[in-house]
Amino acid sequence: MRVQVGLLLVCLILVLGAVPLLAHHSFAAEYDANKPIKITGTVTKVEWMNPHARFYVDVKEADGKMTSWNFELGAIPVLLKQGWRKDSLKAGDQVYVEGSLAKDGSKSANARLVKLPDGRRVFAGSSAGDAAPNQ
């Protein structure tokens with residue numbers, strides 16, 4: 001009986017440990033590498049948290065209407081290796097962003113490259129696996 005209870009506990013722990021892995025999405029499941037986007041706009045919000053940092057940009061369209069975009073960045077350790085700091089982007093900053101559009105048609109994208117306000121072009125840690133640009 002003790003062996004069965006122990007085995008049941010081990011199985012339960014393994015199953016619960018696998019749940020966070022199932023929650024993580026792949027690039028191909030959410031974004032379309034064949035639909036690139038290039039945007040220049042004003043940062044409105046930055047979320048520096050795991051599993052992926054995000055930032056939001058307001059873009060003025062040709063008709064004068066403002067459109068809000070949501071950009072996913074890579075994991076924080078990847079961003080730090082690429083030269084990012086928590087304060088690299090702030091609300092009010094003007095940025096240029098290249099990335100891949102979301103498959104669901106929303107105003108969301110996976111950022112690949114970001115030109116920061118200081119002029120540096122930094123790799124955004126895209127889960128698409130693109131190489132970092134030459135600096």
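Rounded to a whole number, what is D in µm²/s for the range 29-80 from Stokes-Einstein with the Kirkwood radius over alpha-carbon pairs (37 °C, 0.692 mPa s)?
263
What GluC sites (Glu not before Pro) in the range 32-135 are in a loop by DSSP, with at most 10 other Cβ atoms within 10 Å of the Cβ?
Glu61
Which ³J(HN,Hα) values in Hz, rounded to whole numbers, follow from the phi angles of the range 68-82 under the Karplus curve 6.51 cos²θ - 1.76 cosθ + 1.60, where θ = phi - 60° and Gly and Pro get x?
Here the 3J(HN,Hα) series is 9, 10, 10, 10, 8, 9, x, 5, 4, x, 5, 4, 4, 5, 8 Hz.
What is the calculated FRET efficiency for Asp32 to Arg85, with r their C-beta to C-beta distance and R₀ = 25 Å, to the nearest 0.05?
Plugging the Cβ-Cβ distance into 1/(1 + (r/R0)^6) gives 0.25.
Could you list which residues have their amide H under 5 Å from that of Ala124, counting only those 5 or more apart in sequence or on another chain, with H placed in the peptide plane?
Leu113, Val114
Give the Kirkwood hydrodynamic radius (Å, one decimal) of the range 25-123, defined as one over the mean of 1/r across all pairs of different Cα atoms.
13.6
The numbers here are math on the coordinates, done by the rules we state, and not lab data. These numbers were taken from a predicted model, which means no experiment stands behind them. Glycine gets a Cβ as well: all are built from the backbone with ideal geometry, and neighbour counts include every protein chain shown.
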